[in-house]
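Student: There's a structure below that I have some questions on.
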Amino acid sequence: MDSYKRPIKLNTYKDMENMVKSDNYKDKIYDIVVNTFEVTCYMFPLEEWEAADEKERNFFEKGIRSVVGFNGAATGKMIIEPSSGEFLTAMAANMLGIEAPDAEEKSGALCEVANIICGNTVPLFAHDDQICYIEPPSVLQETENMDGDIDAMKKESVHVYLDEGAVRITVYYTMEEEL
Amino acid sequence: MAINILVVDDSAVMRKMIIKTIRLCGLDVNQIYEAENGREGLLVLDRGEVDFLFIDINMPVMDGMEMLSRVRQQEATKKLPVLIVSTESNKGRIEEIDRQGAGFVHKPFTPENLRKKMLDITS
């Protein structure tokens, strides 16, 4: 048996404002994001009182995002947005074990985190035993808009506040039976 | 004896992360080779210098499942220790990986987890 246990803190903040819970997906996505950042980037979620202070600042800057498409048992796109360039730099530095990642390493790190989060999230919509295909992640510059029709899709959005910044994950999806 | 490792993944960042993690595992490692897809990986394997293989599943040109299948069909590599590193959660695919005699590490992974899987396979 695998001896590793996820070090997810129990008293962390979940930003549920303006969101309606649907089948508890948000809680599951939140756990996936926290676990990915803890294990991959060595970044940990803030305690509830700390996150409340951060939320007051509403500090998301415009910057690069990463988008991952998926299709098969569920179809849609997942977008990951780091709160700032500094946060993205810290992410890449921690992932790669280097002090000053270049632009390519930063975008690559963001895409890899997007890939891991999407790969773990999509089975929630695809019901684990069905196959869903994950497309390679791509980078969207701050002035770019997403391709494709996402307006008609369901949407789940989660904010996670971490010790070095925050991240917003938005998933647009349609399940196979709805197509 | 120090081993040579090949890491096959289309993401340069993930290759670096796997290599960094291998270095942290405390194993006796000599050379670590890299390839961006299954076809490139098979070309590296043809040189006959690789003792342990890491493969991603979702890659362009040739994906990890096809590469694994070809590795197992070749006499020189049919018993090569292989670890698949992926976010895959489909039971059918994971069973197929097991049938092909390869180990599986789910992303995200810890150094401890990777080391344990490597030792499980090599032992």
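The values are calculated or read from the model by the stated rules, or taken from the named source; none is laboratory data. Predicted model, so just to flag it, every value in this text is computed and none were measured. As a convention, Cβ positions derive from the backbone with ideal geometry for all residues, glycine included, and neighbour counts pool all protein chains shown.
Student: Among the residues of region B:81-102, what is the count of those that are under 22 Å from B:GLU36 (Cβ atoms) and crowded, with 18+ Cβ neighbours inside 10 Å? I'd like the intermediate steps shown before the answer.
Tutor: Residues of region B:81-102 that are under 22 Å from B:GLU36 (Cβ atoms), as a first pass: B:81-88, B:93, B:97, B:100, B:102.
Adding the requirement that they be crowded, with 18+ Cβ neighbours inside 10 Å leaves B:81-88, B:97, B:102.
Going through region B:81-102 one residue at a time, the tally reaches 10.
Student: Might you check whether a residue that is buried (at least 17 other Cβ atoms within 10 Å of the Cβ), facing chain A (nearest Cβ under 10 Å) and in a helix (DSSP H, G or I) occurs anywhere in region B:21-28?
Tutor: Yes, the conditions are met somewhere in region B:21-28.
Yes/no matrix, rows are residues, columns are (1) within 26 Å of A:CYS118 (Cβ to Cβ); (2) modelled with pLDDT of 95 or more:
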site: B:ARG23; (1), (2): no, no
site: B:LEU27; (1), (2): no, no
site: B:LEU42; (1), (2): no, yes
site: B:PHE52; (1), (2): no, yes
site: B:GLY64; (1), (2): yes, yes
site: B:ARG70; (1), (2): no, yes
site: B:ASN113; (1), (2): yes, no
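Student: Shifting gears a bit: Have a look at A:GLU99, A:GLU104, A:GLU112 and point out the one that is assigned to a helix (DSSP H, G or I), surrounded by fewer than 19 Cβ atoms within 10 Å (Cβ to Cβ) and of a type in the set (D, E, K, R).
Tutor: Numbers: A:GLU99 fails: assigned to a helix (DSSP H, G or I); A:GLU112 fails: surrounded by fewer than 19 Cβ atoms within 10 Å (Cβ to Cβ).
None of the other options fit; the residue is A:GLU104.
Student: Could I ask something else about it? Mind listing whichever residues of region B:38-90 are acidic (Asp, Glu), touching a residue at least 40 places away in the same chain (Cβ under 8 Å) and within 13 Å of another protein chain (Cβ to nearest Cβ)?
Tutor: B:ASP56 - this is the single residue of region B:38-90 that is acidic (Asp, Glu), touching a residue at least 40 places away in the same chain (Cβ under 8 Å) and within 13 Å of another protein chain (Cβ to nearest Cβ).
Student: If we keep just the residues of region B:103-116 that are of a type in the set (Lys, Arg) and surrounded by fewer than 19 Cβ atoms within 10 Å (Cβ to Cβ), which is nearest to B:VAL7 (Cα to Cα)?
Tutor: B:ARG115
Student: A further question follows. What number of residues in region B:89-123 are closer than 23 Å to A:MET43 by Cα and part of a helix (DSSP H, G or I)?
Tutor: Number of matching residues: 5.
Student: Kindly establish whether A:GLY119 is more than 9 Å from chain B (Cβ to nearest Cβ) and either farther than 18 Å from A:PRO45 by Cα or in contact with a Pro (Cβ under 6 Å, 6 or more places away or on another chain) (or both). Step through it out loud before you land on a result.
Tutor: On the way: more than 9 Å from chain B (Cβ to nearest Cβ): no; either farther than 18 Å from A:PRO45 by Cα or in contact with a Pro (Cβ under 6 Å, 6 or more places away or on another chain) (or both): yes.
Spelling it out, it is not the case that A:GLY119 is more than 9 Å from chain B (Cβ to nearest Cβ) and either farther than 18 Å from A:PRO45 by Cα or in contact with a Pro (Cβ under 6 Å, 6 or more places away or on another chain) (or both).
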